[in-house]
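For reference, the structure is listed below as C-alpha coordinates.
The values are calculated or read from the model by the stated rules, or taken from the named source; none is laboratory data. This is a predicted model, so every value here is computed, not measured. Note that each Cβ is placed from the backbone with ideal geometry, even for glycine, and that neighbours are counted across all protein chains shown.
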Amino acid sequence: MTGSTENHQNQEGPRHKRDLTRRKVVVAGAGAAAAVGVGGTLAAGAFAGETKGKGAGAAASASSSAEACYKLTSETTEGPYYIDADKIRRDITEDKEGIPLTLSLKVIDSETCKPIRNAAVDIWHCDALGIYSGYESLSTGGGGAPTDAPSGTPSGTPSGTPTGAPPSGGTGGGGHEEPTDDERYLRGTWKTDRHGQVTFETIFPGWYRGRCVHIHTKVHVDGTWTDAGYEGGHTCHTGQFFFDEESVLASAEVEPYSTSTTERTTLTEDTIYDQSGTTGGLLRLKYNKKHIAKGVHASITVGVDPDETHDGTDDATQPSASASASAS
(Lines give C-alpha, C1' and ligand atoms only; values in the text may rest on other atoms or scores of the structure.)
Protein backbone atom coordinates (compact mmCIF):
# COMPACT_ATOMS: atom_id res chain seq x y z
CA MET A 1 0.00 0.00 0.00
CA THR A 2 1.26 3.45 -0.84
CA GLY A 3 0.46 6.43 1.35
CA SER A 4 0.91 10.13 0.80
CA THR A 5 3.68 12.64 1.47
CA GLU A 6 3.07 16.33 2.17
CA ASN A 7 2.34 17.06 -1.46
CA HIS A 8 3.94 20.46 -0.91
CA GLN A 9 0.97 21.98 0.71
CA ASN A 10 -0.87 13.67 8.13
CA GLN A 11 -5.05 6.05 39.99
CA GLU A 12 -1.66 4.91 39.12
CA GLY A 13 -1.39 1.56 37.48
CA PRO A 14 1.27 -0.79 36.23
CA ARG A 15 4.16 1.00 34.58
CA HIS A 16 5.74 0.16 31.27
CA LYS A 17 2.61 -1.21 29.70
CA ARG A 18 3.12 -1.75 26.01
CA ASP A 19 0.82 -2.24 23.06
CA LEU A 20 3.03 -3.70 20.38
CA THR A 21 0.38 -4.01 17.69
CA ARG A 22 1.98 -3.15 14.37
CA ARG A 23 0.86 0.23 13.11
CA LYS A 24 0.44 0.11 9.38
CA VAL A 25 1.86 3.46 8.43
CA VAL A 26 3.38 3.76 4.97
CA VAL A 27 4.53 6.63 2.82
CA ALA A 28 6.02 7.17 -0.59
CA GLY A 29 9.72 7.99 -0.31
CA ALA A 30 12.18 8.35 2.54
CA GLY A 31 11.86 12.10 2.96
CA ALA A 32 8.47 12.06 4.64
CA ALA A 33 9.84 10.39 7.77
CA ALA A 34 12.45 13.09 8.36
CA ALA A 35 12.42 15.12 11.55
CA VAL A 36 10.17 18.15 11.46
CA GLY A 37 11.67 21.60 11.76
CA VAL A 38 9.02 23.74 13.41
CA GLY A 39 9.02 27.51 13.28
CA GLY A 40 9.25 27.84 17.05
CA THR A 41 5.86 29.42 17.70
CA LEU A 42 5.70 27.81 21.14
CA ALA A 43 7.94 29.18 23.87
CA ALA A 44 10.52 26.70 25.09
CA GLY A 45 9.37 27.19 28.68
CA ALA A 46 5.67 26.70 28.01
CA PHE A 47 4.30 23.77 29.96
CA ALA A 48 0.89 22.11 30.11
CA GLY A 49 -1.60 24.27 32.00
CA GLU A 50 0.89 27.09 32.49
CA THR A 51 -0.39 30.63 32.82
CA LYS A 52 1.80 33.67 32.72
CA GLY A 53 0.94 36.95 34.41
CA LYS A 54 2.50 40.27 33.47
CA GLY A 55 5.33 41.35 35.73
CA ALA A 56 5.80 37.95 37.31
CA GLY A 57 9.30 37.46 38.69
CA ALA A 58 11.66 34.81 37.42
CA ALA A 59 11.40 32.74 40.62
CA ALA A 60 7.61 32.84 40.58
CA SER A 61 7.58 31.94 36.91
CA ALA A 62 9.92 29.00 37.47
CA SER A 63 7.81 27.76 40.38
CA SER A 64 4.62 28.06 38.34
CA SER A 65 6.20 26.20 35.45
CA ALA A 66 7.43 23.40 37.68
CA GLU A 67 3.97 22.90 39.16
CA ALA A 68 2.32 23.04 35.74
CA CYS A 69 4.75 20.49 34.38
CA TYR A 70 3.16 17.80 36.54
CA LYS A 71 -0.22 18.28 34.92
CA LEU A 72 -1.20 15.50 32.56
CA THR A 73 -3.36 16.51 29.65
CA SER A 74 -6.82 14.95 29.99
CA GLU A 75 -7.46 11.63 28.32
CA THR A 76 -10.67 11.37 26.30
CA THR A 77 -12.52 8.85 24.22
CA GLU A 78 -11.13 8.03 20.80
CA GLY A 79 -14.53 8.43 19.18
CA PRO A 80 -15.92 6.23 16.41
CA TYR A 81 -14.12 7.79 13.45
CA TYR A 82 -10.42 7.06 14.00
CA ILE A 83 -8.40 5.54 11.20
CA ASP A 84 -4.94 4.21 12.03
CA ALA A 85 -2.49 6.63 10.51
CA ASP A 86 -1.92 6.12 6.82
CA LYS A 87 -1.06 9.66 5.79
CA ILE A 88 2.35 10.88 6.88
CA ARG A 89 2.01 14.60 6.31
CA ARG A 90 1.77 17.96 8.04
CA ASP A 91 -0.61 19.60 5.57
CA ILE A 92 -3.86 17.65 5.86
CA THR A 93 -6.13 20.17 4.12
CA GLU A 94 -6.37 18.55 0.69
CA ASP A 95 -9.07 20.47 -1.18
CA LYS A 96 -11.34 21.26 1.77
CA GLU A 97 -12.65 24.82 2.07
CA GLY A 98 -12.48 26.66 5.35
CA ILE A 99 -10.55 29.10 7.51
CA PRO A 100 -6.82 28.24 7.38
CA LEU A 101 -5.61 26.80 10.69
CA THR A 102 -2.02 26.25 11.80
CA LEU A 103 -1.91 23.85 14.76
CA SER A 104 1.36 23.92 16.75
CA LEU A 105 1.80 21.21 19.38
CA LYS A 106 4.53 20.56 21.92
CA VAL A 107 4.63 17.12 23.55
CA ILE A 108 6.41 16.85 26.91
CA ASP A 109 6.91 14.24 29.64
CA SER A 110 4.61 15.45 32.42
CA GLU A 111 7.06 14.36 35.14
CA THR A 112 10.39 15.50 33.78
CA CYS A 113 9.15 18.39 31.62
CA LYS A 114 11.48 17.18 28.89
CA PRO A 115 10.27 17.24 25.30
CA ILE A 116 9.40 13.90 23.74
CA ARG A 117 11.11 13.58 20.39
CA ASN A 118 10.28 11.24 17.53
CA ALA A 119 6.74 10.63 18.80
CA ALA A 120 4.10 10.01 16.15
CA VAL A 121 1.23 12.48 16.53
CA ASP A 122 -2.09 11.83 14.80
CA ILE A 123 -4.77 14.47 14.34
CA TRP A 124 -8.15 14.16 12.67
CA HIS A 125 -11.31 16.28 12.59
CA CYS A 126 -14.44 17.02 10.60
CA ASP A 127 -14.66 19.54 7.79
CA ALA A 128 -16.40 22.92 7.86
CA LEU A 129 -19.81 21.26 7.63
CA GLY A 130 -19.23 18.50 10.18
CA ILE A 131 -18.29 15.66 7.82
CA TYR A 132 -15.49 13.17 8.57
CA SER A 133 -13.45 11.70 5.77
CA GLY A 134 -13.74 7.93 5.63
CA TYR A 135 -17.22 8.19 7.13
CA GLU A 136 -19.11 10.56 4.86
CA SER A 137 -22.23 8.38 4.85
CA LEU A 138 -22.29 8.23 8.68
CA SER A 139 -21.54 11.87 9.42
CA THR A 140 -24.47 14.13 10.24
CA GLY A 141 -22.96 17.56 9.71
CA GLY A 142 -24.30 20.40 7.60
CA GLY A 143 -27.78 20.27 9.07
CA GLY A 144 -28.90 17.41 6.87
CA ALA A 145 -29.55 13.76 7.60
CA PRO A 146 -26.85 11.18 6.89
CA THR A 147 -26.67 10.32 3.21
CA ASP A 148 -27.85 6.78 3.92
CA ALA A 149 -30.86 7.92 5.98
CA PRO A 150 -34.27 6.58 4.86
CA SER A 151 -36.65 8.97 3.15
CA GLY A 152 -40.41 9.35 3.23
CA THR A 153 -42.86 9.23 6.09
CA PRO A 154 -42.66 6.26 8.43
CA SER A 155 -45.77 4.14 8.67
CA GLY A 156 -47.10 1.89 11.40
CA THR A 157 -46.23 1.88 15.07
CA PRO A 158 -43.01 0.26 16.24
CA SER A 159 -43.48 -2.60 18.69
CA GLY A 160 -41.35 -4.43 21.17
CA THR A 161 -38.40 -3.27 23.23
CA PRO A 162 -35.17 -2.21 21.54
CA THR A 163 -32.32 -4.64 22.02
CA GLY A 164 -28.57 -4.33 21.77
CA ALA A 165 -26.27 -1.38 22.29
CA PRO A 166 -27.21 2.01 20.88
CA PRO A 167 -25.31 3.18 17.81
CA SER A 168 -22.13 5.07 18.49
CA GLY A 169 -23.07 7.96 16.26
CA GLY A 170 -20.86 11.01 15.98
CA THR A 171 -20.93 12.39 19.49
CA GLY A 172 -17.47 11.20 20.40
CA GLY A 173 -18.40 8.10 22.39
CA GLY A 174 -19.13 4.53 21.51
CA GLY A 175 -17.05 1.95 19.73
CA HIS A 176 -15.02 2.21 16.58
CA GLU A 177 -16.76 2.29 13.21
CA GLU A 178 -15.18 0.79 10.13
CA PRO A 179 -14.56 3.32 7.35
CA THR A 180 -17.25 3.58 4.68
CA ASP A 181 -15.19 5.32 1.99
CA ASP A 182 -11.64 5.95 0.84
CA GLU A 183 -11.47 9.69 1.57
CA ARG A 184 -8.76 10.76 4.03
CA TYR A 185 -8.89 14.57 4.08
CA LEU A 186 -8.25 16.35 7.40
CA ARG A 187 -6.27 13.39 8.75
CA GLY A 188 -2.54 13.08 9.17
CA THR A 189 0.46 11.98 11.21
CA TRP A 190 3.85 13.60 11.73
CA LYS A 191 6.79 13.20 14.09
CA THR A 192 7.86 15.51 16.88
CA ASP A 193 11.27 17.14 16.52
CA ARG A 194 13.98 17.31 19.20
CA HIS A 195 12.01 20.06 20.94
CA GLY A 196 8.90 17.85 21.08
CA GLN A 197 7.21 20.11 18.56
CA VAL A 198 5.07 19.35 15.54
CA THR A 199 2.97 21.64 13.36
CA PHE A 200 0.02 20.80 11.13
CA GLU A 201 -1.67 22.87 8.44
CA THR A 202 -5.43 22.31 8.19
CA ILE A 203 -8.73 24.23 8.41
CA PHE A 204 -10.81 25.41 11.38
CA PRO A 205 -13.19 22.51 12.09
CA GLY A 206 -16.95 22.83 11.83
CA TRP A 207 -19.45 21.23 14.17
CA TYR A 208 -22.02 18.47 14.15
CA ARG A 209 -24.97 17.47 16.29
CA GLY A 210 -24.11 16.79 19.94
CA ARG A 211 -20.48 18.05 20.01
CA CYS A 212 -18.65 21.33 20.31
CA VAL A 213 -15.90 22.20 17.84
CA HIS A 214 -12.86 19.95 18.42
CA ILE A 215 -9.88 18.12 16.96
CA HIS A 216 -8.94 14.55 17.89
CA THR A 217 -5.36 13.50 18.62
CA LYS A 218 -3.22 10.51 19.57
CA VAL A 219 0.43 10.40 20.63
CA HIS A 220 2.42 7.22 19.96
CA VAL A 221 5.86 6.53 21.46
CA ASP A 222 8.57 3.83 21.45
CA GLY A 223 7.87 2.90 17.86
CA THR A 224 10.31 3.01 14.97
CA TRP A 225 10.46 5.51 12.13
CA THR A 226 11.66 3.99 8.88
CA ASP A 227 11.56 4.93 5.22
CA ALA A 228 8.16 3.21 5.17
CA GLY A 229 6.71 5.24 8.04
CA TYR A 230 6.08 4.43 11.73
CA GLU A 231 5.69 0.97 13.25
CA GLY A 232 5.22 -0.58 16.69
CA GLY A 233 5.24 1.32 19.95
CA HIS A 234 2.18 2.18 22.01
CA THR A 235 -0.34 4.99 22.39
CA CYS A 236 0.47 7.06 25.47
CA HIS A 237 -2.22 9.71 24.93
CA THR A 238 -5.63 9.95 23.31
CA GLY A 239 -7.25 13.34 23.58
CA GLN A 240 -9.11 16.18 21.95
CA PHE A 241 -8.38 19.87 21.42
CA PHE A 242 -11.07 22.51 21.88
CA PHE A 243 -11.85 26.04 20.70
CA ASP A 244 -13.21 28.92 22.78
CA GLU A 245 -16.71 30.22 22.04
CA GLU A 246 -15.56 33.59 20.72
CA SER A 247 -13.60 31.98 17.93
CA VAL A 248 -16.36 29.55 17.02
CA LEU A 249 -18.95 32.33 16.84
CA ALA A 250 -16.60 34.31 14.60
CA SER A 251 -16.05 31.31 12.31
CA ALA A 252 -19.81 30.80 12.02
CA GLU A 253 -20.01 34.12 10.12
CA VAL A 254 -17.68 32.86 7.39
CA GLU A 255 -18.61 30.59 4.48
CA PRO A 256 -18.95 27.64 4.30
CA TYR A 257 -19.50 27.47 8.09
CA SER A 258 -22.32 30.04 7.79
CA THR A 259 -24.30 27.70 5.53
CA SER A 260 -24.60 25.03 8.24
CA THR A 261 -28.04 24.65 9.80
CA THR A 262 -26.89 22.13 12.40
CA GLU A 263 -27.68 23.05 16.00
CA ARG A 264 -24.39 23.75 17.71
CA THR A 265 -23.29 22.43 21.13
CA THR A 266 -21.32 25.03 23.09
CA LEU A 267 -18.06 24.40 24.92
CA THR A 268 -19.80 24.47 28.32
CA GLU A 269 -22.47 22.06 27.12
CA ASP A 270 -20.07 19.51 25.66
CA THR A 271 -19.97 16.13 27.41
CA ILE A 272 -16.35 15.35 26.45
CA TYR A 273 -14.53 18.57 27.35
CA ASP A 274 -13.87 18.53 31.13
CA GLN A 275 -13.90 22.34 31.54
CA SER A 276 -10.33 22.40 32.90
CA GLY A 277 -8.85 24.80 30.38
CA THR A 278 -5.46 24.00 28.90
CA THR A 279 -5.21 20.73 30.86
CA GLY A 280 -8.48 19.66 29.23
CA GLY A 281 -7.21 20.48 25.75
CA LEU A 282 -8.34 24.10 25.31
CA LEU A 283 -6.23 25.67 22.60
CA ARG A 284 -4.56 29.06 22.70
CA LEU A 285 -5.70 30.94 19.62
CA LYS A 286 -4.33 33.91 17.72
CA TYR A 287 -6.18 35.58 14.85
CA ASN A 288 -7.42 38.91 13.54
CA LYS A 289 -10.50 39.56 15.65
CA LYS A 290 -12.09 41.50 12.79
CA HIS A 291 -11.18 39.08 10.06
CA ILE A 292 -10.86 35.49 11.25
CA ALA A 293 -11.13 34.31 7.66
CA LYS A 294 -7.47 35.30 7.16
CA GLY A 295 -6.45 32.38 9.35
CA VAL A 296 -5.98 31.14 12.90
CA HIS A 297 -2.91 29.95 14.78
CA ALA A 298 -3.65 27.43 17.55
CA SER A 299 -1.12 26.09 20.05
CA ILE A 300 -0.95 23.92 23.14
CA THR A 301 1.56 21.93 25.18
CA VAL A 302 0.49 18.32 25.72
CA GLY A 303 1.72 16.70 28.94
CA VAL A 304 1.84 12.91 28.66
CA ASP A 305 3.18 9.92 30.59
CA PRO A 306 5.19 7.99 28.00
CA ASP A 307 5.22 4.87 30.21
CA GLU A 308 1.44 4.57 30.23
CA THR A 309 -0.96 3.31 27.59
CA HIS A 310 -4.06 5.38 26.79
CA ASP A 311 -5.65 4.11 23.61
CA GLY A 312 -9.04 5.81 23.98
CA THR A 313 -10.71 3.09 26.04
CA ASP A 314 -10.23 4.97 29.34
CA ASP A 315 -13.34 6.36 30.99
CA ALA A 316 -14.20 9.25 28.70
CA THR A 317 -13.29 12.74 29.89
CA GLN A 318 -11.71 11.46 33.12
CA PRO A 319 -8.11 12.62 33.61
CA SER A 320 -5.66 10.38 35.41
CA ALA A 321 -5.31 10.63 39.20
CA SER A 322 -2.35 13.00 38.88
CA ALA A 323 -4.18 15.25 36.50
CA SER A 324 -7.27 15.38 38.68
CA ALA A 325 -5.23 16.37 41.72
CA SER A 326 -3.50 19.21 39.97
CA ALA A 327 -6.23 20.51 37.70
CA SER A 328 -7.31 24.07 38.36
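Quick notes on this one:
- Top-ranked residue in segment 99-113 [being β-branched (Val, Ile, Thr) and under 25 Å from LYS286 (Cα atoms); ranked as surrounded by the fewest Cβ atoms within 10 Å (Cβ to Cβ)]: THR102
- Looking across segment 226-246, the residues that are at pLDDT below 95 and touching a helix residue (DSSP H, G or I) at 6+ places or on another chain (Cβ under 9 Å) come down to THR226, ASP227, ALA228, GLY229, TYR230.
- A single entry from GLY196, GLY188 fulfils the requirement of being in contact with a Phe, Trp or Tyr (Cβ under 7 Å, 6 or more places away or on another chain) and modelled with pLDDT of 95 or more: GLY188.
- Residues of segment 262-298 classified as under 14 Å from PRO100 (Cα atoms) and surrounded by 15 or more Cβ atoms within 10 Å (Cβ to Cβ), total: 8
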